[in-house]
Every structure is written in structure tokens, then in C-alpha cells.
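Peer 1: Please find one structure pasted underneath; my questions will follow.
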């Protein structure tokens, strides 16, 4: 990350909460609906979690909306090129994201999942498979992650874990609201 941009507050990709929970053969990604610009809520009901790749992949983003849509489109193309293989498509997207002059400036993070795999993708070229089947990104990500990890031993339903974790994040993080979108694979 360009330190001068970060120190001047221009990096705004953390204004949301996305959580992924993989448990018992099911994977859920949930995200809030708030779009903020500085201290102003611009939209309360954005859909930051969606199905891509003929519905076989779910993805959620934290970051600049236009940047995220660009990344969704790129990931869909990579999925087509690699016959739906999420890991291969994610690695290729991460390579492009890190090295391409245009993509390198995109400010977003993504959690993506198919029936077998859940990954976190970053603009640094990271493709991370979360330990324990729980991942969270965005400004409320640490709150949601902590809540989900605390619930995990006591709850078998990944959707219930994700929804409760999002509720906790919305209660604590001003950039997260309670209008949650959930997709399951």
C-alpha cells in the first residue's frame, strides 16, 4: 500500500463487514448493506455478497464499490478460463491484481467460496485459506470474526453463526449496519 495515500485517509476499503463461515459441509458468506463516504451513510441496502460463476461461487467484498465490481467481473472471467476451478482462478486474479498497473490501484478485499474452498483475496497478491473455516474482512471484520469464533464450538449452523456475528459487528462498528445479505453454497 502506498503509505502517503494511507496516511492521508484516502484508502477507504474497510468501510463494511463481510464474514465467511464454513462448517458441516456448508459455506455461508454474509455482508452488511451500508455504503459510507466519510461520516455519511450514502446507501443502507447495498448488496455486497453475490453469486458469480454460474452460481457456483459466492463472493463478498469490502471496499470501493466500483473497484469491487471490477474484481467480480475479472474473477468471473478467470473462472470461465479455468473451468470453474476457484483456487486457480483466485491465484490468477491475485497475480493480475498485484502486477497490473490499473488493477493495482483497486481498493477492495474479497472473500470467495465454492463448495470446497473459502479464500480471502487481497490486492497484495494474497490468496489465503482461513484457518478454522471462518474469515472476516472490513472495518467490522475483527468484531465479526471474534464473535463467530466464540460461537463456533456451540453452534453447528454456519448461517446462524454468520448472522449473529454480523449483528455483533453492527452493534459495535459505525461503518456496519444490520441489513445483512447472506448467500450459501
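Results for (1) farther than 21 Å from residue 136 by Cβ; (2) surrounded by fewer than 24 Cβ atoms within 10 Å (Cβ to Cβ); (3) within 18 Å of the chain's Cα centre (by Cα); (4) modelled with pLDDT of 95 or more, shown as yes or no for each residue.
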{"position": "7", "(1), (2), (3), (4)": "yes, yes, no, no"}
{"position": "15", "(1), (2), (3), (4)": "no, yes, yes, no"}
{"position": "30", "(1), (2), (3), (4)": "no, no, yes, yes"}
{"position": "36", "(1), (2), (3), (4)": "no, yes, yes, no"}
{"position": "40", "(1), (2), (3), (4)": "yes, yes, no, no"}
{"position": "45", "(1), (2), (3), (4)": "no, yes, yes, no"}
{"position": "53", "(1), (2), (3), (4)": "yes, yes, yes, no"}
{"position": "61", "(1), (2), (3), (4)": "no, no, yes, no"}
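Peer 1: In addition: Taking only pairs six or more apart or across chains, which ones have beta-carbon atoms under 9 Å, a first residue in the stretch 23-46 that is in contact (Cβ under 8 Å) with a residue 60 or more places away in the chain and at positive phi, and a second residue that is surrounded by 14 or more Cβ atoms within 10 Å (Cβ to Cβ) and not in a loop (DSSP other than H, G, I, E, B)?
Peer 2: Here the result reads 24/158, each pair linking the stretch 23-46 to a residue that is surrounded by 14 or more Cβ atoms within 10 Å (Cβ to Cβ) and not in a loop (DSSP other than H, G, I, E, B).
Peer 1: Given (1) buried (at least 19 other Cβ atoms within 10 Å of the Cβ); (2) touching a strand residue (DSSP E or B) at 6+ places or on another chain (Cβ under 7 Å), identify the lone condition not met by residue 78.
Peer 2: Of the numbered conditions (1) buried (at least 19 other Cβ atoms within 10 Å of the Cβ); (2) touching a strand residue (DSSP E or B) at 6+ places or on another chain (Cβ under 7 Å), the odd one out for residue 78 is (2).
The values are calculated or read from the model by the stated rules, or taken from the named source; none is laboratory data. Computed from a predicted structure; not experimentally measured. Counting neighbours? That spans all protein chains shown, and the Cβs are built from the backbone with ideal geometry, glycine included.
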